[in-house]
Structures are given as structure tokens and as C-alpha cells.
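See below for the structure under consideration.
The values are calculated or read from the model by the stated rules, or taken from the named source; none is laboratory data. Everything quoted here is computed from the prediction, not taken from an experiment. Cβ atoms come from the backbone with ideal geometry, glycine included; neighbour counts cover every protein chain shown.
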Amino acid sequence: MSAEAANPGAPLRKRGRARIDLRRLGRVALLGPVSRDRLPDAIGHVADAHRAHHPDADLAILSKAYVLAESSHRGQMRKSGEPYITHPLAVTLILAELGAETTTLTASLLHDTVEDTEVTLDQVREEFGDEVCYLVDGVTKLEKVDYGAAAEPETFRKMLVATGNDVRVMSIKLADRLHNMRTLGVMRPEKQARIAKVTRDVLIPLAERLGVQALKTELEDLVFAILHPEEYERTQALISAWEGAQDPLTEIADRVRSTLRDAGINAEVLIRPRHFVSVHRVRIKRGEMRGTDFGRLLVLVGEDADCYAVLGELHTCFTPVISEFKDFIAAPKFNLYQSLHTAVVGSEGAVAEVLIRTHRMHKVAEAGVVALGNPYTQDGTAAVQQLEPADGERADPTRPGWLSRLLDWQESATDSDTFWATLRADLAQDREITVFRTDGGTLGLPAGASCVDAAYAQYGDEAHGCIGARVNGRLATLSTALNDGDTVQLLLAQDASSGPSPEWLDHARTPAARIAITRWLDAHPDGAQGPQKSRSDAPKPQAQPADDAAGTRSRAADRAAGVVVDMPGAPVRLAGCCTPVPPDTIIGFTVRGGAVTVHREECPAVARMRGTGRAAVGARWDDPGDWSGTTDYKVTLVAESFGRPRLLADLTEAIATADAAIVSATVEPPSEQRVRHTYTLQLPDAAGLPGLMRAMRDVPGVYDVSRAQQPAATG
């Protein structure tokens, strides 16, 4: 791999970050410890970077940690040929540049000693205290000789549990992985790919969740170069061509500086180049790149109020692109990120994206939890409280909501494969929403989460008894997807013996919900015919015994839900694909096991089965003159509508008002502002179907409601 490929972000970001010459540093490290009254030369870079953020830091403990690390790693070499001590030094420098406090840097220097040398945890505890010992233990890998193939996932499990008590554990791990990725070129291609995939699936999402953007973006570029070399080279060529051309952002930045200076606003205006992956994403999104697509303007000010003053001036003196405006100061992201985002139009129609934030916000945006210093001290806690709104998800960034949920479900994932697969799936959720509980609390959930997820997030295993929900005050099915800011009330049944139905797995997005549901279903294999039926949004229709008053007819045919078929003694069920109800014309077909499934005549499955030569079984409704008292019918309706806010809630309310229970519901993605809703409903009275369909058609935005014609298996 070329030098640029090994460090693809460096030529683009131009961060000005000091880079260690590892070979020179290795020579310095080999000189060994120095006298106690002088700082070892090898940690001079670390000391300078640390003092830049913490001028009063006591460097004596760093010197002591370096002496132990250097002596214990002496004689060990990396695959690249440098002395091994260069690795903990580089990792520590990364953290020092991000502003990590002294305890983190001490543990970083020692982070491989227990794993790779004769140093023990007891020795670390005795010489450096409990905090440093905990951090070193947290990042120490489990031995393959003890865990075999499970060593890697179980090591990550161990680190995540440790991170739950101290987020600095993951800070060290992220810096450790970054330096290893920078020097990955000496590895075999297949090992590079394996490490890059784990970095992509686990470490990068964790860096995003902890807000450490400086590490996340460089890790993304390094992974990009390894896993997608052709796309990387294409992006590199685009960036090289842009760097040699006139930058339209320069002219816009000069105009912004002038505008803010005339308004008396003290601000620093910078051009912030996009990193490789960001450029690649923009190219995929827009096709042809514009000159302003290779970077964004960053405006840094002193106070929160100055951010809004800058925004006002930009929107007054430039043409704003309103659709690009986002306020992450009033509503910070779950990972501590705060900033105003907007876009303005410069000369000749050039559109520039602008980020507006205070210097403090910028530090946190780059370094995330690392920028909080030691978040467990009183001073750190005070800084957190000033930075974060008290809303449950962000009130304690040392134990954010997503991490608490991750730690909760991992306890249920007893085997390594389940944990590893579920962890990757959980971290693949790249956005979170906050929903409000009616008791005043909040729930943090991944985007796309449903009421099922909310139930398990709030009640744990007690959610097995959930029978429905109210979203923003309106009745909703458990499959209803929740949006950021929704208020949800979960309704629990009194029957403690009941449990979830298998269909719940189709609506569960969170690992906690899926694991809990699967565990219940595995423990109750016969539950589908017992208490589980009450856990669906409505009960399932059951076969009814023959009515002796029906005379000779009942002795010649069996019945289910008011249906009579010409096959004595055969179990009867209504087809789920077409959900027939009176007065539909119906026909039956035998299926495996000798049961008769009854379809509507116009159901597509009927034509298919007849086409294959399947013999039909005569079927009819029991009392064609009076269906008003007939119950226990399901029907599937399709509502075609124009998209608008609260449409789903209004449709659900119309259904609930008609006393129909929603068994399941799906909403297809909007197409040309049109939305298709499909509901399977339990009818309290078959005669009420026409009125129900009229009520749904009366909902504003709905232009048609029809019976579903779904494909179904023939056997």
C-alpha cells in the first residue's frame, strides 16, 4: 500500500496535527529511561500536546508510566520493524491531541503491558491506582488459547461492559485501532480486510456514538482505502484535481468574514475540507461534483448567542437554502454534537454549506467524550451539565442511553455468535430518535423503531403483556413506527401468563426486543394456540363446533366462523391472503393435513390452484339472510392516500372508532407523494365492513379503500 493509501485523510484534512516519525522515535525510545528529574525525550510530543489542553498537568506520572512501558516492551518489535514502544506512544499522542486528561494518557501508555509483557494488573494498581488499573484491564484482550474463535467478540463484550462504567476505556481502544489502521499496510491483504471490516462494523459506529469525529473520519478513510480501493483511487483523483483548481469557497469565505466584521461579530471563518468518504458520499448523491462540494465553511464564535447572530447575518446578506437549515444547538444529537447547519448561495449560484458553532462546541464535535476531560470528577460533571440538556438520553454522556441499552441486551446474548451478530446489527442503526413517555420519562430508540421496541425498552420482559399503544394520544398498533418527538403510552394486559406472537419479530428493530421475544417463543413452543393469541393486536378466529340445530346439513359439513363446507369433519379456516367476510362469494380447497382453506372467489390463489388441477370444495356462509351477528372475521383493507402528517394516526383512529381491532399494519414508502397502507383487521360484526370502509375513505387525504388481493401460497 502506498504512503497516501496508508494515511488517506492526511492530504485532505490538513489538520496541522503533529505526526510522529516512528523510526526516529524508536531510536529515542531505545535509549531507555533517563534521570528522574528530566522528562524522557520520547514522550516530549505527548507532553507538549497534553500541556496545550491542560497547562497545569502533572507530567510526573506520565514519565513514570513511560519508563515502565518502555522497560517492559523492550526487545519487542512491531511487524513494521519499529520498536513496540512506538505503538503505545503513538496511541497516547492521538489522545493527547484530542485533549484527554492525564489518567487516560497514563493508561494509554500502559495499555498493552498486561497483555504482552510480564507486568500484572496488581502491579499496575499498586503503582498507578485503581482508575488506571481499570482502564488497562478494560482494553486488555482475552486470550485465544482460552476462548478460541470467541476471543474477539468476547473481548469486545468485555470492553463494552467496562465502557459502561468508564467511557475512557473505549477512548483508548479507538485510538489504539486508529494507529493500528494507519500501519496496517505491513499485514497480509486478507488480514487487512478482516480488521477493516470489524473497524467498519463496530469501531466506527462506536466512535460516532461517542462523538469522537476526529477518530471516526480518519478510520472511515482508512477502511475505505482497504475495502474499496478502486472507489478510493477515483475519489483521490477528484480531490487532487480540485486542489489544483480555484476554490470557489475562498471567495464565499471572504464575503462571510467581511459580512460578520461589518456586523461587529467576532468570528473565525475557516474552510473545512471534506474527508475522502464524505467526498465519495457527495459524489454518489449528486453525480457531478461542484467546486463547493469538496468542503464546507466553519464559523467559530465565543458564545451560543453569537451562533444565532451569525445565522441571522448570513440569511440576511446571502440567499439561504432553507431546506439545509438544522439547529443542533437547541436539539443536540445523541452523541453530544452541537452546531447550526445552513447553506448559502454565493456568486454565480455557488452553494456553500456552513457550520456555525462555538469553540467549545467545536472541541466536543471533534473529540466527543474525550473533550469532557475526566467526566467522573466534580468539575467534569459540572461541565457536562452545562453542555447537555437533561432529557435522559444526553443528561449523562458518561453512560448514554444507547450504551445502557446495549449493555442490557448483551446480558441476554449468552453465546458469542449471537452477541457478535446482534452487536453489529445494533451499531448499524446510524440514527436515534427520542420518544416521550406519558409518565414524564424518555426513551431513546433507533430510527424505525416501533411500539414493540418502545414496550421492551420501557418494561423489559413485562412487555410480553403489551396489547396496544397510544401514540400522541391516539390508539395505534404495536407495529406502528415511531418518530422523533412522539409521545407513547404502552397498554399492558392483566393476564400475566400471556406472551408475544411471532409476528412481533417482524416489527422489532432493537436487539433487546428481538432477544426477549425469541426467548419467550422458544420457552413456549405451544404458546401460539394458548395465551399468545391475546398478545396479537386482536384474537385469531377459532374453529367453531357444528350446530346441532342445523340438522342434516351440520352432519354433512363442518363450520368455522359461520362457514359451511362440503367436506364432513374437515377443519375449516379462512384464508389470510384474501380475508373473506360475508357476503363474499367463497370457495374452499384442501391443504396439507386435510383442512379446508376458504378463499374469496376472486382471490388470485383460487385461479392458481384451479390452474394446477386442484379440486375445489363447496363453501358458503351459514346464514346468508342475516350476517349482522356474525363475529370473529378478519379482513385486509388497502388504503390509498396522499402523504401528509398524522395520516397514519387519523386512519388508526377511524378504525378504532368503528370498533375494529388492528391485527397488523404495513405502510409502504411514499411514491410521488402517495402512500399505500395495508391493514388486517378483526371485525366485531361482519355487517359493519361497508361502514368501516366509508369511515376510512372519509379520512382527509385518503382517496380509495379496497379489499386486498394478496398473493398466497397454494398449499
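Would you confirm, using the coordinates I've provided, whether T487 is on the phi < 0 side of the Ramachandran plot and touching a Cys at 6+ places or on another chain (Cβ under 8 Å)?
no
Within the stretch 269-278, the set of residues being out of contact with any Pro (no Cβ under 7 Å at 6 or more places or on another chain) and in contact (Cβ under 8 Å) with a residue 60 or more places away in the chain comprises R272, P273, R274, H275, V277, S278. Any residue that is charged (D, E, K, R), at pLDDT below 85 and outside any helix (DSSP H, G or I) - is there at least one of those in the stretch 449-470? No, there is no match, as no residue in the stretch 449-470 is charged (D, E, K, R), at pLDDT below 85 and outside any helix (DSSP H, G or I).
One residue alone among E653, E602, E668 is loosely packed, with under 15 Cβ neighbours inside 10 Å, assigned by TED's automatic domain parsing to the domain that holds A708 and modelled with pLDDT of 80 or more, and that residue is E602. Please give the number of the condition A447 fails out of (1) under 14 Å from the mean Cα position of the chain (by Cα); (2) touching a residue at least 60 places away in the same chain (Cβ under 8 Å). Every condition holds for A447 apart from (2).
Take G264 and decide whether it is part of a loop (DSSP other than H, G, I, E, B) and closer than 20 Å to R357 by Cβ. Here the answer is yes, as G264 does meet what is asked. Can you pull out every residue in the stretch 253-300 that is crowded, with 19+ Cβ neighbours inside 10 Å, charged (D, E, K, R) and under 18 Å from T319 (Cα atoms)? Hits for the stretch 253-300 are D293, R296.
For the stretch 452-470, a residue qualifies if it is surrounded by 21 or more Cβ atoms within 10 Å (Cβ to Cβ), in contact (Cβ under 8 Å) with a residue 24 or more places away in the chain and not acidic (D, E), and the qualifying residues are V452, A454, A455, Y456, A457, A463, H464, G465, C466, G468. Going through the stretch 556-580 one residue at a time, which ones are farther than 13 Å from C603 by Cβ and modelled with pLDDT of 80 or more? Residues satisfying the conditions are V563, V564, V565, D566, M567, A570, P571, V572, R573. Looking only at residues of the stretch 83-112 that are surrounded by fewer than 24 Cβ atoms within 10 Å (Cβ to Cβ) and over 33 Å from the mean Cα position of the chain (by Cα), we find that the one that is farthest from A207 (Cα to Cα) is P83.
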